[in-house]
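Heads up: the structure comes next, in structure tokens.
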Amino acid sequence: MTGAIVVAVLLIANAIFVAAEFALVGAPRATIDHLASRGSRAASRVRAILDEPRLQDRFLATTQIGISLASLGLGMYGEPALARVIEARLHDWPLGGWLTAHAIASGVA
């Protein structure tokens with residue numbers, strides 16, 4: 001059960017980092033400028049990042065590191081959990097359920 005919770009948390013973390021990256025890259029500049037001029041602090045921060053290439057690079061690098069770490073964690077926790085589920089279904093398989101289950105789970109994870 002703990003493994004499932006860790007996998008769920010890592011999936012959510014991965015989704016948040018991906019969403020942050022896409023949100024910055026796909027942010028409509030006119031909308032950000034309009035919201036910033038009306039006093040939105042969040043829009044002002046986004047505009048500052050978009051105006052400064054160094055900040056933009058740092059933001060994107062941070063999201064990529066977050067995505068990579070969450071993905072590595074998913075592989076580390078998800079592969080054994082998935083292999084156990086697959087192995088339970090392949091226990092009578094003549095080619096060795098353990099090896100086959102981990103091979104499939106590694107590919108999926």
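Can you give the calculated 222 nm mean residue ellipticity of the chain, where each DSSP H run of n ≥ 4 adds -39,500 (n - 2.57) and the sum is split over every residue, rounded to the nearest 500 deg cm²/dmol?
About -29000 deg cm²/dmol.
So what are the ³J(HN,Hα) numbers for segment 41-53, from phi and the Karplus equation (6.51, -1.76, 1.60; θ = phi - 60°), rounded to whole Hz, Gly and Pro as x?
Each residue of segment 41-53 in turn: 5, 5, 5, 5, 5, 5, 4, 4, 5, 5, 7, 10, x Hz.
Over the chain, with a Gaussian network built from C-alpha contacts below 10 Å, which listed residue (Ala81, Ala43, Ala15) shows the highest mean-square fluctuation?
Judging by the Gaussian network model, the answer is Ala43.
For a quick check, take a GNM of the chain with Cα springs below 10 Å and name the residue from Gly78, Gly97, Gly39 with the largest mean-square fluctuation.
Most flexible of the set in this elastic network: Gly39.
Per residue Cα convex hull volume for segment 33-90, in cubic angstrom?
Working: hull volume 6.3 nm³, N = 58.
Output value, Cα hull per residue: 108 Å³.
About its Cα centre, how strong a charge dipole does the chain have in debye, to the nearest 20, once Lys and Arg get +1 and Asp and Glu get -1 at the Cβ? Write down the numbers at each step before the final one.
Values: 9 positive and 8 negative charges, 94 e Å.
About 460 debye.
Keeping the other protein chains in place, figure out the carbon and sulfur percent of the accessible area of segment 25-91, with a 1.4 Å probe.
Values: 2760 of 4550 Å².
That fraction is 61 percent.
Per Stokes-Einstein, at 10 °C and 1.306 mPa s, what whole-number D in µm² s⁻¹ belongs to the chain, with the Kirkwood radius over Cα pairs as the hydrodynamic radius? If you can, show how the numbers build up before the last one.
On the way: Rh = 16.6 Å.
Rounded, D is 96 µm²/s.
Which one, Leu72, Leu24, Leu35, has the greatest fluctuation when you compute a Gaussian network model over the chain with C-alpha springs under 10 angstrom?
Most flexible of the set in this elastic network: Leu35.
The values are calculated or read from the model by the stated rules, or taken from the named source; none is laboratory data. Here the structure is a predicted model, which is why all the values come from computation and not from measurement. Counting neighbours? That spans all protein chains shown, and the Cβs are built from the backbone with ideal geometry, glycine included. Heavy atoms of the whole protein, side chains included, go into the accessibility calculation; ligands, DNA and RNA do not. Shrake-Rupley method; radii C 1.70, N 1.55, O 1.52, S 1.80 Å.
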